[in-house]
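The values are calculated or read from the model by the stated rules, or taken from the named source; none is laboratory data. Fair warning: this is a prediction, and the values are worked out from it, not measured in the lab. Here the Cβ positions follow ideal geometry from the backbone for every residue, glycine too, while neighbour counts run over all protein chains shown.
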Ligand SMILES: [Zn+2]
């Protein structure tokens with residue numbers, strides 16, 4: 001393994017690895033919050049970055065048989081959830097290529113930096129103009 005390149009998700013609310021705070025997914029890419037993971041509630045995301053996938057395996061879930069691959073944080077290697085590789089039931093096909101992140105393994109961060117910078121810069125700009 002070489003160097004790890006981590007992507008930065010640029011959005012207002014981002015879901016991060018609860019252990020190392022690596023950015024994982026845009027809040028807007030949540031498809032459903034009504035999923036069940038190993039550790040309780042889990043979210044279905046259309047897109048997740050900075051994860052690596054483990055080997056594919058057949059897994060019998062509440063919604064039928066699926067081919068899934070566990071996903072791991074690229075930085076700290078925590079198992080965060082899984083990716084749906086293939087679904088066999090027609091009604092479950094929409095999950096193919098999508099990702100489950102377990103709520104217990106992730107944290108939500110709000111992007112506040114731009115706002116703080118704006119507040120700090122504004123008074124000095126006014127002074128300089130006076
Ligand atoms: Zn991590």
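Some observations on this one:
- Residues located in segment 18-46, provided they are surrounded by 15 or more Cβ atoms within 10 Å (Cβ to Cβ) and under 11 Å from residue 81 (Cβ atoms): 24, 25, 35, 37, 42, 43, 44, 45
- Evaluation of residue 49 against the conditions (1) outside any loop (DSSP other than H, G, I, E, B); (2) surrounded by 14 or more Cβ atoms within 10 Å (Cβ to Cβ) shows that the sole unmet condition is (1).
- Test: residue 57 is on the phi > 0 side of the Ramachandran plot and at pLDDT 95 or above: no
- Enumeration of residues in segment 18-41 that are part of a strand (DSSP E or B), more than 13 Å from the chain's Cα centre (by Cα) and either under 23 Å from residue 7 (Cβ atoms) or at pLDDT below 95 (or both): 34, 35, 36, 37, 40
- Within segment 13-23, not a single residue is without any contact (Cβ under 8 Å) to a residue 60 or more places away in the chain and more than 15 Å from the ligand (Cβ to nearest atom).
- Those residues of segment 100-119 which are part of a helix (DSSP H, G or I) and either within 9 Å of the chain's Cα centre (by Cα) or at pLDDT 90 or above (or both), in sequence order: 103, 104, 105
- Top-ranked residue of segment 78-93 - restricted to ones that are in contact with a strand residue (DSSP E or B) (Cβ under 8 Å, 6 or more places away or on another chain) and not in a strand (DSSP E or B), ranked as nearest to the ligand (Cβ to nearest atom): 78
- Residue that is nearest to the ligand (Cβ to nearest atom) [pool: residues in segment 25-39 that are more than 21 Å from residue 59 (Cβ to Cβ) and either in contact (Cβ under 8 Å) with a residue 60 or more places away in the chain or in contact with a helix residue (DSSP H, G or I) (Cβ under 8 Å, 6 or more places away or on another chain) (or both)]: 25
- Residue 97 vs. criteria within 30 Å of residue 3 (Cβ to Cβ), in contact with a strand residue (DSSP E or B) (Cβ under 6 Å, 6 or more places away or on another chain) and either in a strand (DSSP E or B) or modelled with pLDDT of 95 or more (or both): no
- Pair list, Cβ < 6 Å and 6+ apart or interchain, from segment 64-79 residues that are closer than 19 Å to residue 4 by Cα to residues that are more than 7 Å from the ligand (Cβ to nearest atom) and not in a strand (DSSP E or B): 74/4; 74/50
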